Structure formats: structure tokens, C-alpha cells
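Structure first, commentary second.
Values quoted throughout were computed directly from the atomic coordinates according to the rules given, and no laboratory measurement underlies them. Values in this document were obtained by computation on a predicted structure and should not be read as measured data. Here Cβ is always computed from backbone atoms with ideal geometry, including for glycine, and neighbour counts include all displayed protein chains.
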Amino acid sequence: MSSAGSSPTRPELWLVRHGETEWSRDGRHTSTTDLPLTEPGERAATSLRERLAGVEFDLVLSSPRQRARRTAELAGFADPVLDDDLVEWAYGDYEGITTAEIRETVPGWTVWTHPVPGGESADEVSARLDRVVERVREHGRVLVFAHGHSLRVLTARWLEQPAAEGRFFRLDTATVSVLGFERDNPALLKWNS
């Protein structure tokens with residue numbers, strides 16, 4: 001990884017998952033429901049400011065959802081470029097319910113392996129996050145504020161893997177992860193820190 005103050009020789013993508021919301025805390029699938037951060041979520045987002053200080057970014061992007069925008073603001077990036085491609089995986093009929101509740105009628109269900117009635121398919125999520133990868137690779141260092149599943153798919157696509165491989169990347173709220181290159185290969189440089 002390049003030093004934070006210098007421009008990287010290959011593109012770097014810094015990922016920040018938004019701070020805690022009531023539904024993220026409770027394990028409820030949240031895509032289109034535009035929830036605010038909780039008080040602990042606001043504190044955690046504010047703590048990102050120090051961690052990101054002194055890092056130079058060529059571009060700062062955010063999902064348009066208030067939880068991502070507010071996290072960006074509290075982290076010191078009040079005017080990110082809003083990108084609809086960064087919204088969370090659309091959960092359709094599963095919006096606002098937990099995996100355990102879904103599994104009462106669909107045993108073994110996961111967003112990675114099963115359909116999402118009324119929502120997006122893995123291929124649809126992958127297609128929009130491929131556009132983000134393409135956009136990021138035109139810059140040096142890019143910072144993105146977004147959501148758990150969308151950032152995990154973005155990571156899989158950065159690593160040239162199918163969207164479902166995002167299942168291997170647990171991602172907590174208000175964390176920083178960094179994607180880049182190891183020689184010519186896209187690589188995970190830092191995760192969930």
C-alpha cells in the first residue's frame with residue numbers, strides 16, 4: 001500500500017461502510033429504507049475522521065442514502081459525489097426483515113445463493129458495481145461510503161470474482177478497508193479495520 005500522503009502508482013479503492021443504523025444493529029435487511037445513523041453510529045462515523053485525516057483522495061463517492069452521506073460528512077467529507085451505483089443490494093420483499101425470519105419459509109436462504117423476490121439479482125448488483133470499478137480505476141486513490149452487501153460485491157468484482165464471493169468478506173459498520181494491487185493483480189490490502 002502506498003503511503004497515505006502520496007499518490008499510489010496503481011489505483012486504490014478505500015471502502016467505508018456507513019455507521020450503525022437501528023436496522024443494521026438488529027440484522028434487518030436495509031436497502032431502500034432511508035434510515036438515519038444511531039447515536040453510536042454517529043460516534044463511530046466521527047471517529048473515522050482521524051483515521052482518514054492526511055490521506056489524499058482523487059475522488060470521494062457516496063451512496064445517496066442518508067446513512068452513507070452522513071457517515072461521509074462526519075468522517076470529514078461533506079461533499080462526496082453521489083453515485084446511485086453504490087446503493088445497497090435491493091432486498092425487495094425481504095426489506096426490513098432478518099435472515100432468520102426469511103429462513104422460516106426459505107430454509108438455508110442467503111442473499112448470495114438464493115433469489116430475492118421483488119429485489120435485485122446478484123448479476124444486477126454486479127453490473128452496477130462493475131461500473132464503479134471501471135470509474136475508480138481511472139483515478140489514483142478513491143474513497144467510497146456505502147453499504148455492507150454492496151461493498152462486499154464491489155470487493156469481489158475488484159478482485160475479478162463473481163458477486164457471490166462477497167460472502168467471504170464480513171464487513172462491520174464504520175470500518176475502513178482498502179483494495180489495490182499487488183504487482184499486476186487486484187488485491188485486498190486492508191480489511192474491516
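Give the order of SER150, SER193, SER62 when sorted by the count of other beta carbons within 10 angstrom, beginning with the fewest.
SER193, SER62, SER150
Within region 135-170, which residues have the backbone N less than 16 Å from the label spot 7 Å out from THR33 along Cα→beta-carbon, could you tell me? Inside the label zone: 148-149. Under the combined filter of DSSP loop state and at most 16 neighbouring Cβ atoms within 10 Å, region 33-78 retains these GluC sites (Glu not before Pro): GLU56. Under the criterion of Cα pairs below 8 Å and six or more residues apart, the relative contact order for region 12-190 equals 32 percent. Calculated mean residue ellipticity at 222 nm for the chain: -9000 deg cm²/dmol, from DSSP H runs with n ≥ 4 weighted as -39500 (n - 2.57), summed, divided by the residue count and rounded to 500. To the nearest Å, what is the center-to-center distance of region 113-143 and region 77-108, using C-alpha atoms only? About 14 Å separates the Cα centre of region 113-143 from the one of region 77-108.
Among TRP89, TRP14, TRP109, the largest mean-square fluctuation in a Gaussian network model of the chain (Cα springs under 10 Å) belongs to TRP109.
Highest mobility in the GNM of the chain, judged by mean-square fluctuation with C-alpha springs under 10 Å and restricted to ARG70, ARG152, ARG103, is found for ARG103.
State, as an integer percentage, the relative contact order of region 82-149 based on alpha-carbon contacts under 8 Å between residues 6 or more apart. About 48 percent, as a whole number. With each label modelled as a point 7 angstrom along the Cα→C-beta vector, the THR110-ASP123 pair spans 2.1 nm.
Relative to one another, the C-alpha centroids of region 162-186 and region 45-72 are positioned 17 Å apart. Would you please classify the overall shape of the chain from the alpha carbon gyration tensor, given that a ≥ b ≥ c denote the square roots of the eigenvalues, rounded means a/c under 1.5, and beyond that prolate means a/b larger than b/c while oblate covers the rest? Because a/c hits 1.5 or more and a/b fails to exceed b/c, the chain counts as oblate.
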